[in-house]
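Taken together, the values in this text are just the output of simple stated rules run on the coordinates, not laboratory data. All values derive from a computational prediction rather than experimental measurement. Ideal geometry is used to build each Cβ from the backbone, glycine not excepted, and the neighbour counts take in all protein chains shown.
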């Protein structure tokens, strides 16, 4: 409505340049995924290309069928799905609860715990490899999918807790005070006041948590030894060990593992990457 | 039982319960393991027999190991090259893609894509891109009449390839800086423009200083994360080669601990990495004034 009232200006040269530059950058960043898909569609046994190939001569789905006959892809897929089915909802719950708790804590404890969380962010994952391996082997969880799921009970990753904390800090504290005075429980305030206002953050954390567990390559390599429990990233690595130069097949495996997380990201990104949602993260100030 | 009712029934005690899984879990899964690693560094330990105290023996062994020195050197080299470039890349992306407009949301999503691709897939596609004979990168370079290096087959270009790859996974940094840019009140820019400041002056005098706390947090995190993220590509693409040229510290740790089961030496290597990282972070803190840190906490 208001848009039609504004006279349409011809775009200036500066804006066109900027737009073209942005487009070029976006294309550059999309190229790796594009090439992955292109190579995965090449028929097996075709000689490798001698120049940049933008579309295969005879695109075919054959490689995707071949995947399942080469390695037990179905089992790897099932294991990966099991891991995300448990860990993503659990991460969403524990991270948002912790973020909510942090945001409402009084100083000096709030500051101390936020600093602790920022500090946790800086601990390199490799620092915990050794002892976590030991703990898992003592508790009998080594080689089980639980060794991958465990962090979900602790918020998934410190960054996800901080994202919820920053979001909840931006909702006016008077709202929670009022709820508290009326005798609402913290759970009610979390469930009915805080979470409905945090939708962009929920979407972002959903994508990040899914990526965290679905993409995980290191933990399966460290903690899974029985082929029955292998997840997709290990499966694709096995594919590479079987035939390291069969590029179309390898890329089919890579695409197979990549598509779910990319589709989830593309589906949810308007909730946190659009102009409006980046602005709404900062509404209060 | 009545004595404990208040534990669950007051608002504030419920809040503390909300924090419990995260705090307890982080202590068990992150803090304790990281601290115990420091202790293990001073023992002989193979993960089967109980650890035996052996003082500085592990560190002495590392000092005498050319591979440990090489690994540390190339890791620091990687950090000094990759972290500033990644930050610059994230900043340029954020500045370029912060514009409002129908298409910019999708362009931001495209720039984020490589960050969300599973590490294993990302390593494989780069193995193809960097293939000296058939890879698209050399095909493009060749078509432009530029030199076509052997990339992963030569120690120097292999390390450059690793830096090049990490320049694509800067989506998180971009998003953080996009949010940082939005916290700068528009009025600052408008006032400066009315006073006749050029776009260049506005960037150096207003935008950059106000972004500094965000850039700092990103720097600290990237020092840790970017090195850690060399693990998957070095495992999948080169397995540390050629001639150990890409045996970065995470891969060396993995080999020491899970191939040789020398947990003591691996822990000592970890401690050396902690100390170097801490020194870097403290050095950066000393370079900049941290009073603007309040934004974050």
Next item on the list: Give the order of B:26, A:80 when sorted by the count of other beta carbons within 10 angstrom, beginning with the fewest.
Entry: B:26, A:80
Check: Averaged over peptide B:182-193, how many Cβ atoms belonging to another chain are found within 10 Å of each residue's Cβ?
Finding: 1
Notebook entry, point to check: Any idea how far the Cα center of the stretch B:134-156 sits from the one of the stretch B:29-82, in Å?
Noted result: 37 Å
Check: Using the Cα atoms of the stretch B:121-184 to build a convex hull, what is its mean projected area in square nanometres?
Finding: 5.9 nm²
Next item on the list: Once you have a ≥ b ≥ c as the square roots of the Cα gyration tensor eigenvalues for chain A, tell me rounded if a/c is under 1.5, and otherwise prolate or oblate according to whether a/b is larger than b/c.
Entry: oblate
Next item on the list: Whole number please: convex hull volume per residue, Cα atoms of chain B, in Å³.
Entry: 228 Å³
Item checked: the stretch A:194-264: Cα Rg divided by the 2.2 N^0.38 Å rule of thumb -> 1.40
Notebook entry, point to check: Can you give the convex hull volume of the alpha carbon atoms of the stretch A:14-60 per residue, in Å³?
Noted result: 82 Å³
Item checked: Taking all pairs of distinct alpha-carbon atoms in the stretch B:169-296, Kirkwood radius in angstrom -> 17.8 Å
Check: Taking square-rooted eigenvalues a ≥ b ≥ c of the alpha carbon gyration tensor, is the stretch B:141-224 rounded, prolate or oblate, where a/c under 1.5 means rounded and, failing that, a/b exceeding b/c means prolate?
Finding: prolate
Notebook entry, point to check: In what sequence do A:193, A:259 fall when counting other Cβ within 10 Å, fewest first?
Noted result: A:259, A:193
Note to self: Based on alpha-carbon centroids, what's the gap between the stretch B:171-237 and the stretch A:93-115 in Å, whole number please?
What the structure shows: 25 Å
Checklist line | Packing rank of A:108-114, A:26-32, where each peptide gets the mean count of other beta carbons within 10 Å, highest leading | finding: A:26-32, A:108-114
Check: In peptide A:35-48, what is the residue-averaged number of other protein chain Cβ atoms found within 10 Å of each Cβ?
Finding: 2
Check: Which whole-number percentage describes the relative contact order of chain A, with Cα contacts under 8 Å and a sequence gap of 6 or more?
Finding: 29 percent
Check: If all Cα-Cα distances of the stretch B:96-235 are sorted into 5 Å bins from 0 onward, what percent lands in each bin, rounded to whole numbers?
Finding: 2, 8, 14, 15, 15, 14, 12, 10, 6, 4, 1, 0
Checklist line | Number of partner chain Cβ atoms within 10 Å, mean per residue of B:46-52 | finding: 1
Check: On the first, second and third principal axes, largest extent first, how far apart are the outermost C-alpha atoms of the protein assembly as shown in Å?
Finding: 72, 68, 49
Note to self: Quick check on the protein assembly as shown: helices-only [θ] at 222 nm, where DSSP H runs of length 4 and up contribute -39,500 (n - 2.57) each and the sum goes over total residues. Nearest 500, please.
What the structure shows: -20500 deg cm²/dmol
Next item on the list: Quick one: order B:79, B:285 by neighbouring beta-carbon count within 10 Å, fewest to most.
Entry: B:285, B:79
Notebook entry, point to check: Which three semi-axes in whole Å describe the equivalent ellipsoid of the stretch B:40-100, each the square root of 5 times a Cα gyration tensor eigenvalue, listed largest first?
Noted result: 43, 16, 7
Note to self: Rounded to whole Å, give me the distance from the Cα center of the stretch A:174-230 to that of the stretch A:35-85.
What the structure shows: 33 Å
Next item on the list: State log₁₀ I(q)/I(0) for the stretch A:43-147 at q = 0.11, 0.20 Å⁻¹ as given by the Debye formula over alpha-carbon point scatterers of equal weight, solvent excluded.
Entry: -0.72, -1.16
Notebook entry, point to check: Rounded if a/c is under 1.5, else prolate if a/b beats b/c, else oblate: with a ≥ b ≥ c from the C-alpha gyration tensor eigenvalues square-rooted, which is the stretch A:127-285?
Noted result: oblate
